[in-house]
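Just so it is clear, none of the values below were taken in a lab; they were calculated from the coordinates. Remember, predicted model here, so these are calculated numbers, not experimental data. Here the Cβ is made from the backbone with ideal geometry for all residues, glycine too, and neighbour counts use every protein chain on show.
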Amino acid sequence: MDLEIDNQCQDIREKMSANLAHFKAMLELSQQLNSESIDTEVELFNEFLKQRQDMIKEIDQVNQEINFLQTRINHKIGLEHFNLDSVQSYISGDLYEQLSNQYSLIKDVIQQIQALDKEYTKNAEVEKEAAKLKLLRFKSIIRQGKSYQNTNKPEARFIDKQR
């Protein structure tokens, strides 16, 4: 076990815990977003998207820090790409298990978010098509109404009425 690599992996674990918390919060937002109707809560929808975007920025920031730590570990042990299995012999078994579990949990939460996003996108597409149909029906009704209207046409101006 290498103490320096173990400490850096501890830092990675802490940062991954922060990311996991962000992903779980994003999952909650996705679940809330999926339960709302698009057309009735546009402002709420925009707020959800803004919050998600803020979380993504925070996750990206933490990922940059994780990548920096992984690069340092790679240089120390001569790896091209960070791989948890490759550093297993340099860290404690308990830390290896914690990191493995966090990778798995993050992966599961991301998959849940993606599934909700697909479902929401599908529902949004259905609502969009329904709105298009309503608009077409409305335009058709307006055209029909205009065709039956009694239009008052002015008399012709240049007709000689005295003859």
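In this rough spin-label picture, where each label sits 7 Å from Cα along the Cβ direction, the residue 141-residue 121 distance is 3.4 nm. As a length-normalised measure over Cα pairs under 8 Å and 6 or more apart, the relative contact order of the stretch 1-121 settles at 50 percent. Annotation: peptides 131-141, 8-18, 83-93, 115-125, ranked by per-residue average of other Cβ atoms within 10 Å with the highest first, follow the order 8-18, 83-93, 115-125, 131-141.
If you average 1/r over all unlike Cα pairs in the stretch 3-116 and invert the result, what Kirkwood radius do you get in angstrom?
Values: mean 1/r = 0.0640 Å⁻¹.
Mean inverse Cα-Cα distance, inverted, gives 15.6 Å.
Proximity of backbone amide H atoms, modeled 1.01 Å from N, is registered between residue 91 and 2 at under 5 Å, excluding neighbours fewer than 5 places apart on the same chain. The count of lysine pairs in the stretch 3-116 with alpha-carbon distances below 25 Å, taking only pairs 8 or more places apart or on different chains, stands at 10.
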